[in-house]
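Written out below as structure tokens is the structure these notes cover.
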Amino acid sequence: MKLLGIHHITAIATDPQRNLDFYTDVLGLRLVKRTVNFDDPGTYHFYFGDRIGKPGTIITFFPWPGARRGTRGTGQVVATSFAVPAKSIGYWSERLKKEGVIAEEKFRRFDEEGVRLVDSDGLLLEMIASPHLDDVDLDFASAAPAEFAIRSFQAPTLEVQKAKSTEQLLTMFGFHLSAEEGSRRRFALNEGSTSARVDVIELPDGQIGNIAAGTVHHIAFRTANDEEQLHWRNQLVDLGLHVTPVIDRQYFHSIYFREPNGILFEIATEGPGFAIDEPVEQLGGSLKLPKLLEAERESIEQVLPPIELRRAADR
Ligand code: ZN
């Protein structure tokens, strides 16, 4: 049994409108769910992805207005990387410049070209041109043309002080070492899928990162169903790791634990998916709440800052 790949990556933002504008208008993703942080219902939880929010394409945010800025460091996912089609880096460099986004010069990694940028809260992102792309649904009114569009994750970077224990855990989940370049070691579940890879970098003297705005909160991996999730839960308990019970996240079921270097990992089921409480055509169009919070809708809506989908309003 193996995990299937990345399910989603969740990061912390500050201003919800700025976050929404960046990921829809600048990066061309679709807002596939507008809900609240179930553990903190006075805070939004936004999910962005392809048309349906396919696992492997989903980046999510807790926008905490006024949150202090975190720092990148060990014990974190330090770079969130997306796969884009070959020959699209030029397009993205131009577009980012035009949108006033801070982006660095192009780089090469494992023979692929990429560009590094930061989002409106300083979260480090990478776009990497990949010859083999995951099959995703781009049939929506995106701010970016489909030929250049973001397709899914591509090997985000995990920075740790002692790689061995993290790598052993990845191996238990079915990852294998697929490539090495300098201190970067790439682990893959499936060589054919960009969202089934992670890169591990060991920095023995690296400063431990501070998780707040502009940093990744956790990375979620996907598993096929509830039975397989329980299998993984039992394995983690046997290793002596503290794992949460299965939590119903409405759109998937989740368990959470800290891997040995402190990165918060989640294992989430593929289903039931984002169309469980609104039709695919209307995903992200209005605030959705799980049943338990629906009774408090009025007070929740009073606390949340108003937001609007701008150029993306016709989606
Ligand atoms: Zn999550």
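Quick one: accessible area per residue over the chain, 1.4 Å probe, rounded to a whole number of Å²? The partial results should precede the final answer.
Values: 13280 Å² over 315 residues.
Roughly 42 Å² per residue, with all protein chains present.
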TODO: Compute the separation of the alpha-carbon centres of segment 188-266 and segment 88-145 and state it in Å as a whole number.
DONE: 25
TODO: Assuming a ≥ b ≥ c are the square roots of the Cα gyration tensor eigenvalues, decide whether segment 160-315 counts as rounded (a/c under 1.5), prolate (otherwise, with a/b larger than b/c) or oblate.
DONE: prolate
Task: Signed unit charges on C-beta, dipole axis of the chain, positive-most listed residue 103, 23, 169 - done: 103
TODO: Please give the contour-minus-distance gain from residue 235 to residue 304: 0.36 nm per residue of separation, less the Cα-Cα distance, rounded to one decimal in nm.
DONE: 20.9 nm
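Per the helix-only calculation at 222 nm, which mean residue ellipticity applies to the chain, given -39500 (n - 2.57) for every DSSP H run of n ≥ 4 and division by its residues, nearest 500 deg cm²/dmol? Provide the component values of the computation, followed by the final result.
Numbers: 6 runs with 50 residues, N = 315.
Computed ellipticity for the chain at 222 nm equals -4500 deg cm²/dmol.
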- [ ] Under 14 Å from a label point 7 Å along Cα→Cβ of residue 226: give me every residue in segment 239-255 with its amide N that close.
- [x] 246-255
Task: Size of charge dipole - segment 68-138 - debye, nearest 20, with Cβ of Lys, Arg +1 and Asp, Glu -1, no other charges - done: 400
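Quick one: dipole size for segment 7-162, taken about the Cα centre, charges +1 on Lys/Arg Cβ and -1 on Asp/Glu Cβ, in debye to the nearest 20. If you can, show how the numbers build up before the last one.
Details: 19 positive and 22 negative charges, 51 e Å.
I would put it at about 240 debye.
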Task: Label-point separation in nm, residue 87 to residue 137, each point 7 Å along Cα→Cβ - done: 2.9
Task: Accessible surface of the chain, 1.4 Å probe, proportion on carbon and sulfur as whole % - done: 50
TODO: Could you rank 127, 1 by how accessible they are, 1.4 Å probe, largest area first?
DONE: 1, 127
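What does the charge dipole of the chain about its Cα centre add up to, to the nearest 20 debye, if the Cβ of each Lys and Arg holds +1 and the Cβ of each Asp and Glu holds -1? Mind dumping the intermediate values first?
Values: 35 positive and 46 negative charges, 104 e Å.
That gives the chain a dipole magnitude of about 500 debye.
Would you kindly state how much longer the chain becomes between residue 17 and residue 162 on full extension, computed as 0.36 nm times their sequence separation minus their alpha carbon distance, in nm to one decimal?
Values: separation 145, 0.36 × 145 = 52.20 nm, distance 3.80 nm.
Extending this stretch completely gives an extra 48.4 nm.
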- [ ] Go ahead and collect, in residue order, the members of segment 258-273 whose backbone nitrogen is under 14 Å from a label point 7 Å along the Cα-Cβ direction of residue 249.
- [x] 258, 264-273
Open item on the list: Taking the Cα of residue 181, stepping 7 Å toward and past its beta carbon, and measuring to each backbone N in segment 60-87: which are under 18 Å?
Closed with: 78-87
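The values are calculated or read from the model by the stated rules, or taken from the named source; none is laboratory data. For clarity, every value in this text was computed on a predicted model and none was experimentally measured. All Cβ positions, glycine included, derive from the backbone under ideal geometry; neighbour counts span all protein chains shown. SASA here: full protein model, heavy atoms, side chains in, ligands and nucleic acids out. Shrake-Rupley method; radii C 1.70, N 1.55, O 1.52, S 1.80 Å.
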